[in-house]
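Taken together, the values in this text are just the output of simple stated rules run on the coordinates, not laboratory data. Keep in mind the model is a prediction, meaning the values are calculated, not measured. Cβ: placed from backbone, ideal geometry, glycine included. Neighbour counts: every protein chain shown.
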DNA sequence: TGAATATATGAGCAATTGTTCATATATTAA
DNA sequence: TTAATATATGAACAATTGCTCATATATTCA
């Protein structure tokens, strides 16, 4: 298959976004619906700062989207590509 | 969604395997069928050493498989999860 | 306005990563 | 056996990454 260097880099960046256990766990939580930064941090046992740093990267790669309400920010998965990549990956890990 | 820490780590490792442009280009080449280390290296403009190092990681994650024939080793994609992850990722990068 | 709360961000540091270079192993041919 | 070829591997180094800590911004409430 032919692939421009740019597309290769973009693809690598996309998968990079999913290449850390903390980010995977953030995404797993968001599979259940939108959550605030604090409740993500509480649920994951991470600091809000660490979660916020990770969410920034996920946002930049359009894996999550933010909705502001008052002083909270609720995050959710951006589109269904994300959960499809997630479950396809889980498939690969579980079977063969 | 609930996810054990082990599964989170395994998923992250899987996506890590796809998180580098060189590895993405190796996989793109292998979408066309099996290739030797040398022809991969030639086609990608990488040294055989660099390609071999990367193939080792891909092999360990069961993304590629090796078939030895004489003094050459031919690599191919391990199963269809790989190309499905690849094309799903490409989808995400191209649209939305 | 000022205090409290929720999130974001920059600097800095330890840990990880991808490559090169040198060398090792394995196979074939002479 | 020796030389040549194909691949693999270990060490080392620069570059990147994910966290903590301190601080900044934004919003609500008194």
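Of all residues in the range A:57-86, those satisfying the criterion of being in a helix (DSSP H, G or I) and surrounded by fewer than 12 Cβ atoms within 10 Å (Cβ to Cβ) are A:60, A:80.
Taken over the range A:36-53, the residue count meeting the criterion of being within 12 Å of chain B (Cβ to nearest Cβ) and either assigned to a helix (DSSP H, G or I) or in contact with a helix residue (DSSP H, G or I) (Cβ under 9 Å, 6 or more places away or on another chain) (or both) is 2. When the test is whether a residue is within 13 Å of DNA strand D (Cβ to nearest atom), more than 9 Å from the chain's Cα centre (by Cα) and within 12 Å of chain B (Cβ to nearest Cβ), residue A:26 does not pass it. Of all residues assigned to the range A:22-31, none qualifies as being surrounded by 20 or more Cβ atoms within 10 Å (Cβ to Cβ) and more than 17 Å from residue B:3 (Cα to Cα).
Of all the numbered requirements in (1) more than 19 Å from residue B:1 (Cβ to Cβ); (2) touching a helix residue (DSSP H, G or I) at 6+ places or on another chain (Cβ under 7 Å); (3) within 14 Å of chain B (Cβ to nearest Cβ), residue A:62 misses one, and that requirement is (2). Yes or no: residue A:33 within 12 Å of DNA strand D (Cβ to nearest atom) and at positive phi? No; evaluated as a whole, the condition is false for this residue. So in the range A:69-79, with the set limited to residues that are within 10 Å of DNA strand D (Cβ to nearest atom) and touching a strand residue (DSSP E or B) at 6+ places or on another chain (Cβ under 8 Å), which one is farthest from residue A:34 (Cα to Cα)? So the residue we want is A:72.
Within the range A:1-15, the set of residues being in contact (Cβ under 8 Å) with a residue 40 or more places away in the chain and within 7 Å of chain B (Cβ to nearest Cβ) comprises A:14 only. The test for being at negative phi and within 15 Å of DNA strand C (Cβ to nearest atom) holds for residue B:46. When the range A:87-96 is filtered for residues that are within 7 Å of chain B (Cβ to nearest Cβ) and in a helix (DSSP H, G or I), the ones remaining, listed by number, are A:88, A:89, A:90, A:91, A:92, A:93.
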